[in-house]
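Below you'll find the structure, written out as structure tokens, and then a few comments.
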Amino acid sequence: MGIRWDRAVRGDARDFTLWMQLAAKPVRRHWRHRGKGPTESSLQPRSNRLVPGTPNSVTGKPTVGTKYAASTRAHCETVLRTFYDFHLERNTGSLLVNPFPLVRSRRSGRAQSHHNPEREYQRQRGGLYRPTVVQRVPRRIPDDKYAEVFASLRSHRDRALLAFWVATGARAEELLTSSQDDAVVGQQTIGVIRKGTREYQELPATPDAFVWLRLYQEEARRNGVPSGRKQPLWWTLRRPWRPLNYDAARAMFNRANQTLDSNWTLHDLRHTATFLMLDDPAMPPTYVQHILGHKHLSTLDIYNRPTRDDVIAAGLAHQGRQQPQRDNPPPALPAPAYSSDSLNVLFGGPLR
């Protein structure tokens, strides 16, 4: 709109929030096709590509839509409100008020400033223009689908990565920070650097994951991949050798999704590992919290909600139990007669 950032008022912030609800996301061309004219093949839509926003037939997860999601708009509101709060405190620019205010009930002061320590914190919206974000239920990859994804991988490195992600529950980028001496086969652990705290932590893994890791290391050694205790554990498969980053790992997993027409993500592997650990009655939730690197134990509450597959399976099982009763209804019982003793008490003696 051509307005300076320090001249924006509340009406401009409201218009920007409404615009994000209606505007479509910009279409960015792939970096391979930048600077080139549109070709006939690029203008034609793919026949196997789903309409944006429709659920995937394999996973049930909706594809990325053309509009900005509520979580994106909420994140944008938080960033802008914090940005203006920072400049108001520093007294930079010509700002007088924050164009992205808090809700009217607590416009002055911080949220829940008079909170009772004996009670839990209530979830409240922070900004006046912040949209309501529905908390999504985490999705796990079923065992049969996981076997299909595992079988579609092309190298021992990819199989080892997938096995470690499901075994440790580490974030995708955390596992890529491991060096070659972090994988301790004797203790069956692998060390990673945590995302937020940047602390080093050892995580337990399965023997199968170390078997695939050993196969990958033998293959990498024959190909001439750099080796050393402090060298990265995961490398690219082609020369020049480079440490594997998150974008390359995601591209590898997306290729496996294309063969199955699914849209699983790398973070779904972390959810799958969490469900596997919580389904074990001998695994205390506090240990699961420590393995996942969560600060609060209450973060695991989202895994206690039933998933879509569990709800559908329970509903079908209920219908199956009710069907025999519908096919063979029980015989109608005769109407109960009045008791003679009750009638005698009611009328003061036997009826004549």
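Structure data summary
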read-out	value
Inter-label distance for Lys36 and Val185, nm, one decimal - labels placed 7 Å from Cα along Cα-to-Cβ	4.5
Apportionment of accessible area to carbon and sulfur, region 211-267, percent (1.4 Å)	49
Charge dipole (debye, nearest 20) of the chain; +1 at Cβ of Lys and Arg, -1 at Cβ of Asp and Glu	1760
Zone of Phe150's modelled label, taken as backbone nitrogen in region 159-179 under 19 Å from a point 7 Å along Cα→Cβ	159-172
Rough spin-label spacing in nm, given labels placed 7 Å along Cα→Cβ, for Ile302 and Phe83	2.5
Between helix 266-278 and the chain: long-axis angle, C-alpha atoms, 0 to 90°, nearest 10	50
Shape call, region 128-173: gyration tensor on alpha carbons, a/c limit 1.5	prolate
C-alpha long axis of helix 156-168 to longest principal axis of the chain, angle in °	50
Leading residue at positive end of dipole, the chain (Cβ point charges), from Gln135, Gly191, Ala69	Ala69
Computed Rg/Rh of the chain, alpha carbon atoms with Kirkwood Rh	1.13
Fully extended contour minus Cα-Cα distance, from Trp241 to Ser342, at 0.36 nm per residue	26.8 nm
Lys pairs under 25 Å by Cα in the chain, provided they are eight or more residues apart or on distinct chains	6
Two-site label geometry, Asn254 and Asn56: point separation in nm, points 7 Å out along Cα→Cβ	1.2
Cα-based helix-to-principal-axis angle, 10-22 vs the chain, degrees rounded to 10	80
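The values are calculated or read from the model by the stated rules, or taken from the named source; none is laboratory data. Since the structure is predicted, the reported quantities are computational estimates derived from the model, not experimental observations. Cβ atoms come from the backbone with ideal geometry, glycine included; neighbour counts cover every protein chain shown. When the accessible area is computed, the model is the full protein with side chains, heavy atoms only, and any ligands, DNA or RNA have been set aside. Shrake-Rupley method; radii C 1.70, N 1.55, O 1.52, S 1.80 Å.
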